[in-house]
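Notes to accompany the following structure.
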Amino acid sequence: MKTFQARGLFAGLVTSLLFSGSIYAADTSKAPLPPSATPGQGFSAEGLKRIDAFFAEQIANNQLPGAVLAVAKNGKLVIFKPYGYADKASGKAMTTDALFNLASMTKVMASVGGLTFYEEGKLPLNAPISNWLPQFKSMQVGQVDADGKLTTVPAKNPITVQDLVRHTNGLTYGGRGTTAVHKLYPAGSAPAAVQYTAPEFIDKLASTPLLYEPGTVWDYGFGIDVLGIIEEKIAGKPLGSALQERIWNKVGMPNTTFQVAEKDRARLAQPLPIDPMTGKPQKVDILNQTVKFDCGGSCAFSTAGDYVRFGQMLLNGGSLDGKRVLGPQTVAFMTSNHLNKDIKNNVGGTEPGRVGYGFGLGVAVRMERGLSAINGNVGDFTWNGANGTIFWVDPKEQMVVVMMAVAPGEIRKVHREQLNSVIYGALEK
């Protein structure tokens, strides 16, 4: 405990000194990527001060307990900083090695894992998922009549692997709607993994009517969880073990896991006790629960340092430090829009910052510079986490941005827009 407290005090000292000194940890040997020769290279000094001021204000006003920001530009680490508290209730300072539940940022890693099997010819995107999970052979689509009565009709199309990864499968999250179909589904990935084993989960989904005909509508749901279970079947091992072998070991992500070891639990960052937007008590259940399977939709934990390396690997076209995870053409394919003209694009309905985006394989992909409430460039790709984590890659700027925080609820959407504005506002050109 004394060691951890000392780390916390050091982190607080680093934070208090900024912007007078280095913008990344003093011990650059522990930096997740090679630090830039000039700290903050590519960003204006005034812009960097605004980034610091933004976090200081959010923390002081109880909008955010704390955060870790990691930004890479042109392959170099230009920002790597802790802010505020890992646990404000106890006064524990944030440190760069703090652990966070990734929530839906898990999906990006599980999607990359699936693409490693795709590259081996073991997971064709057009293959029906019933090839691995026969329970999905004959699905029903739910229909609600004028009286609110639920009926079903046989699905015309099979659910394909591509439908899983681009969210066009009809396996909706129960917590994202109030229709009769939504009420039959678990609320989300983590609650489902707490309640069900993998076989029970598959049986539950396969026996529940789809919200939409497969391949016709983008709708956020359980697709990547099902993908992860297919990966387990192909690999013959748990999803975490498969991702460890295929991604985490190669990229150098030693803190990324589905199961936080007891010795590391003190590093888990905690939310504010009170939701700043509703004034009601809040908690993040997954921080204190045990899941029954490695859910690819929500259940992984990581650090900002690990995830910025993952993002840099994707920006590099699938490799980092001489170790390749995916081929460059596969990454280009992954980060292209997969929603054709016949698919209803509801991506922008998730939040204002997604207007103008299509969807690739596990990531939202920007199709237009305008329209969205957030800045960026055509071709940037992103996905965030419901508990407050943020991730995007902008190939035009050669930039990777990762912010780890525990700020669940609607305020996370506000933070996404605010962080985006201070990052792009700080760029020098």
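Read-outs throughout are calculated quantities, based only on the coordinates presented, and are distinct from any laboratory measurement. No experiment lies behind these values; they were computed from the predicted model shown. Cβ: placed from backbone, ideal geometry, glycine included. Neighbour counts: every protein chain shown.
A few remarks follow.
- Any hit, the range 185-197, residues being buried (at least 23 other Cβ atoms within 10 Å of the Cβ), in contact with a Cys (Cβ under 9 Å, 6 or more places away or on another chain), aliphatic (A, V, I, L, M) and within 29 Å of Ser336 (Cα to Cα): yes
- Taking the range 123-145 as the range and being over 25 Å from the mean Cα position of the chain (by Cα) and either of a type in the set (Val, Ile, Thr) or in a loop (DSSP other than H, G, I, E, B) (or both) as the test, the residues that pass are Ala127, Trp132, Leu133, Lys137, Ser138, Met139, Val141, Val144, Asp145.
- Hey, Leu314 touching a strand residue (DSSP E or B) at 6+ places or on another chain (Cβ under 9 Å), under 18 Å from Trp383 (Cα atoms) and not basic (Lys, Arg) or not: yes
- Index of the failed condition, Ser372 passing every other in (1) within 26 Å of Pro191 (Cβ to Cβ); (2) touching a helix residue (DSSP H, G or I) at 6+ places or on another chain (Cβ under 9 Å): (1)
- Within the range 359-372, the set of residues being in contact with a Lys or Arg (Cβ under 9 Å, 6 or more places away or on another chain) and among the aliphatic types (A, V, I, L, M) comprises Leu361, Val363, Ala364.
- When Ser111 is tested against (1) part of a loop (DSSP other than H, G, I, E, B); (2) in contact (Cβ under 8 Å) with a residue 60 or more places away in the chain; (3) not charged (D, E, K, R), exactly one condition is not met: (1).
- Residue check for Gly221: under 26 Å from Met109 (Cα atoms), free of Cβ contacts under 8 Å to residues at least 24 places away in the same chain and either of a type in the set (Asp, Glu) or surrounded by 16 or more Cβ atoms within 10 Å (Cβ to Cβ) (or both): no
- Residue check, Asp342 in contact (Cβ under 8 Å) with a residue 60 or more places away in the chain, among the acidic types (Asp, Glu) and farther than 30 Å from Gln58 by Cβ: yes
- Of all residues making up the range 324-346, the number that are crowded, with 20+ Cβ neighbours inside 10 Å and closer than 25 Å to Trp248 by Cβ: 5
- Residue check for Leu314: over 30 Å from Ala407 (Cβ atoms) and not in a strand (DSSP E or B): no
- Candidate set from the range 239-265 (those that are among the aliphatic types (A, V, I, L, M) and surrounded by 14 or more Cβ atoms within 10 Å (Cβ to Cβ)); member that is nearest to Gly311 (Cα to Cα): Val251
- Pro271 being loosely packed, with under 15 Cβ neighbours inside 10 Å and either in contact with a Cys (Cβ under 9 Å, 6 or more places away or on another chain) or of a type outside the set (A, V, I, L, M, F, W, C) (or both): no
- Total residues in the range 365-380 satisfying the condition of being over 23 Å from Asn340 (Cβ atoms) and among the basic types (Lys, Arg): the figure is 0.
- Counted residues, the range 157-172 - those being touching a Phe, Trp or Tyr at 6+ places or on another chain (Cβ under 8 Å) and surrounded by fewer than 21 Cβ atoms within 10 Å (Cβ to Cβ): 1
- So Leu287, is it surrounded by fewer than 24 Cβ atoms within 10 Å (Cβ to Cβ), under 24 Å from Thr96 (Cβ atoms) and among the hydrophobic types (A, V, I, L, M, F, W, C): yes
- Pair list, Cβ under 8 Å, 6 or more apart: the range 135-160 residue touching a residue at least 24 places away in the same chain (Cβ under 8 Å) and under 14 Å from Ser207 (Cβ atoms), other residue surrounded by fewer than 13 Cβ atoms within 10 Å (Cβ to Cβ) and among the acidic types (Asp, Glu): none
- Unique residue being surrounded by fewer than 22 Cβ atoms within 10 Å (Cβ to Cβ), in contact (Cβ under 8 Å) with a residue 12 or more places away in the chain and within 21 Å of Gly362 (Cβ to Cβ) when the list is Phe201, Phe117: Phe117
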